[in-house]
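Trainee: This is the structure, below, for whatever I ask next.
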Amino acid sequence: MSLVVADRVTAARMTPGLLHLCVGAGAYLFLFVVGDLLLQDADTYWHISVGQWIIDRAAMPYVDVYSFTRSGNPWMSSSWLAQVLYAAAYAQAGWAGVAALAALAVAAALVIFLDLIEPCFKPVHRVLLALLALVVSAPHLLARPHVLALPIMVAWVGGLIRAVDQRAAPSWMLLPLMVAWANLHGGFVLGLALIAPLALEAVWQSAASDRVAVAKRWALFAGAALLASCCTPYLHNTLMAALKILALGPVLSLVSEWRPADFTSFGPFEAALLGLIAVALLRGVVLSLPRIALLLLLTHMALSHVRCLEIFAFLVPLALAAPMRDRSHASMADPETNGASPLVAASAAFAIIAGALAFSLLYAAHHSFAFVRTQAPVAALEALRQHNSARIFNDYQFGGYLIANDVPVFIDSRAELYGQDFMMSYLKAAEGRSPDQTAALLDKYQVDATLLAPDRPAAQLLDQMPGWKRLYADDVAVAHVRVTPAK
């Protein structure tokens, strides 16, 4: 059956909402089945620990309690709501609950995405775009706060783009989304930043006599959105904390997810980027200068940082949807097709949701979800505990696991807490290029043990350094202990 015939059959039998629900349910079930792939970042450990800390104390953290190098220093949990949700899911169903929650968030983002592009594309094209967004985003789909914020991001930016495309004022109903986003993840700063280019486009395409009024409406909305982003337990400090991370500068490029995209091998992101360029050229899509600037900004972010892949995958199609529709009315769904009756659609929706839930429970009962082994140095940590080690110089990727096991860390991924100077000193010591520099840092913080990945240069350096001996080693971690007092 050709795509055209399949498209007409699908449109005739399904309402758009039902089709989108089917895609969302399929994405959820797929991600849940491969849920172990969502559990590959040690940050998940400490996010759950912070969430449980908040639940147990019914309070918010204001100082660091997890490291011995920054203990007592000011620190805020800007993703507190996501952390509480993950902690509750873990408490109820273990890693299966965490994987299910992350998978559900991605599925919700896809459903919202499909609803937003529904007026512009036929069903089959909508589904293909959703699958493309899922595949391109896959490397950064992890059980962390940014995934729970993904549906909020899509709904927020999609709502703003729709307002511009319809030459209308942005809806005040979007503001609760900003409140939720600001409590879920620091990425809400992007949502605030994107108001400016979209407001510029709204003014750009307005009649000369209306531009002042349009600018005032968007400026008022921007001010309200800024206030909404401060509706967190930390008030305006949440915004300051998010900006502090962005101000870390060069040190971010040393963290894997902040590194530029890698084009040494052909991958989904490169295919999507080239494909979108080809489609735009083929159809002769015409965009306003502000919309071009927006697309260039989103593309630059994805090229500069791997963690921005999902931003590109979901937001670029939203920005191109209306212009592509305007250039080709054939892309629109056939208005003569009739969907299922409301009763049939509601019954089918209930069956889909019930079926997905039943499958999830059945699968979880027979599958043991497990966190990636390479970021959980179980045996090495046990060896250090038996040795009564207290101040451990740990590998960056082991920080989350140590926090989850109530071990004070030397460093973890909370870069805004440690600051650029400290992180650069740590990375130079871990590289082990200067024995004196490494020894000086270990002495400065009275480190009595180290826990590093086997391929970390400092792990081999410690084998040669006087005053240290190797205590334990496997393919996950190497542990050394100090045998002479620190200077």
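Trainee: Might you let me know whether the stretch 164-173 holds any residue that is surrounded by 19 or more Cβ atoms within 10 Å (Cβ to Cβ) and hydroxyl-bearing (S, T, Y)? Break it down stepwise before answering.
Mentor: We begin by selecting, within the stretch 164-173, every residue surrounded by 19 or more Cβ atoms within 10 Å (Cβ to Cβ); these are 164-165, 170.
From what's left, hydroxyl-bearing (S, T, Y): none.
No, because not a single residue in the stretch 164-173 is surrounded by 19 or more Cβ atoms within 10 Å (Cβ to Cβ) and hydroxyl-bearing (S, T, Y).
Trainee: Next question. Could you tell me whether the stretch 424-438 includes any residue that is surrounded by 13 or more Cβ atoms within 10 Å (Cβ to Cβ), touching a residue at least 60 places away in the same chain (Cβ under 8 Å) and either under 35 Å from the mean Cα position of the chain (by Cα) or in the same structural domain as L384 (by TED's automatic domain parsing) (or both)?
Mentor: Among the residues of the stretch 424-438, at least one is surrounded by 13 or more Cβ atoms within 10 Å (Cβ to Cβ), touching a residue at least 60 places away in the same chain (Cβ under 8 Å) and either under 35 Å from the mean Cα position of the chain (by Cα) or in the same structural domain as L384 (by TED's automatic domain parsing) (or both), which makes the answer yes.
Trainee: So if I check each of L303, L294, L361, which one is assigned by TED's automatic domain parsing to the domain that holds L190, of a type outside the set (G, A, S) and at pLDDT 90 or above?
Mentor: Answer to the selection: L294.
Trainee: How many residues are over 19 Å from A261 (Cα atoms) and either out of contact with any helix residue (DSSP H, G or I) (no Cβ under 8 Å at 6 or more places or on another chain) or surrounded by fewer than 17 Cβ atoms within 10 Å (Cβ to Cβ) (or both) when one looks only at the stretch 288-320?
Mentor: The qualifying residues number 4.
Trainee: Now for a different question. Scan the stretch 46-59 and give yes if some residue there is under 16 Å from I411 (Cβ atoms), polar (S, T, N, Q) and at pLDDT 95 or above, otherwise no.
Mentor: Yes, some residue in the stretch 46-59 is under 16 Å from I411 (Cβ atoms), polar (S, T, N, Q) and at pLDDT 95 or above.
Trainee: Would you be able to say whether some residue in the stretch 186-195 is more than 28 Å from L289 (Cβ to Cβ) and at pLDDT below 95? I'd like the intermediate steps shown before the answer.
Mentor: Of the residues in the stretch 186-195, the ones more than 28 Å from L289 (Cβ to Cβ) are 186.
This time we only want the ones that are at pLDDT below 95, so: 186.
Yes - at least one qualifying residue is present in the stretch 186-195.
Trainee: Please go through the stretch 352-372 and give me each residue that is outside any helix (DSSP H, G or I) and not hydroxyl-bearing (S, T, Y), ordered by number. Reasoning before the result, please.
Mentor: First pass over the stretch 352-372, keeping only residues outside any helix (DSSP H, G or I): 367-372.
Of everything in the stretch 352-372, those that are outside any helix (DSSP H, G or I) and not hydroxyl-bearing (S, T, Y) turn out to be H367, F369, A370, F371, V372.
Trainee: Looking at L29, L81, L37, which is the one that is aliphatic (A, V, I, L, M), more than 17 Å from H146 (Cα to Cα) and not in a loop (DSSP other than H, G, I, E, B)?
Mentor: Numbers: L81 fails: more than 17 Å from H146 (Cα to Cα); L37 fails: more than 17 Å from H146 (Cα to Cα).
Testing whether each residue is aliphatic (A, V, I, L, M), more than 17 Å from H146 (Cα to Cα) and not in a loop (DSSP other than H, G, I, E, B) leaves just L29.
Trainee: Just need a number here: residues in the stretch 98-116 that are over 20 Å from A180 (Cβ atoms) and surrounded by fewer than 21 Cβ atoms within 10 Å (Cβ to Cβ).
Mentor: The qualifying residues number 0.
Trainee: Moving on to the next point. Only one residue in Y86, Y90, Y66, Y28 is among the aromatic types (F, W, Y) and more than 22 Å from N405 (Cβ to Cβ). Which one? Spell out how you get there, then give the answer.
Mentor: Numbers: Y86 fails: more than 22 Å from N405 (Cβ to Cβ); Y90 fails: more than 22 Å from N405 (Cβ to Cβ); Y66 fails: more than 22 Å from N405 (Cβ to Cβ).
That would be Y28, the only listed residue that is among the aromatic types (F, W, Y) and more than 22 Å from N405 (Cβ to Cβ).
Trainee: At least 1 residues that are under 16 Å from L226 (Cβ atoms) and among the hydrophobic types (A, V, I, L, M, F, W, C) in each: list the helices (runs of 4 or more DSSP H) lying fully within the stretch 114-215 that qualify.
Mentor: Numbers: elements: 123-137, 145-148, 150-165, 175-184, 188-193, 195-204.
Hits in the stretch 114-215: 150-165, 175-184, 188-193, 195-204.
Trainee: What are the residues in the stretch 16-43 that are modelled with pLDDT of 95 or more and polar (S, T, N, Q), if any?
Mentor: Matches in the stretch 16-43: none.
Trainee: Just one of the numbered conditions (1) surrounded by fewer than 20 Cβ atoms within 10 Å (Cβ to Cβ); (2) outside any helix (DSSP H, G or I) is not true of V447; which one?
Mentor: (1)
The values are calculated or read from the model by the stated rules, or taken from the named source; none is laboratory data. Please read all numbers here as calculations on a predicted model, not as lab measurements. Virtual Cβ from ideal backbone geometry, glycine too; neighbours counted across all protein chains shown.
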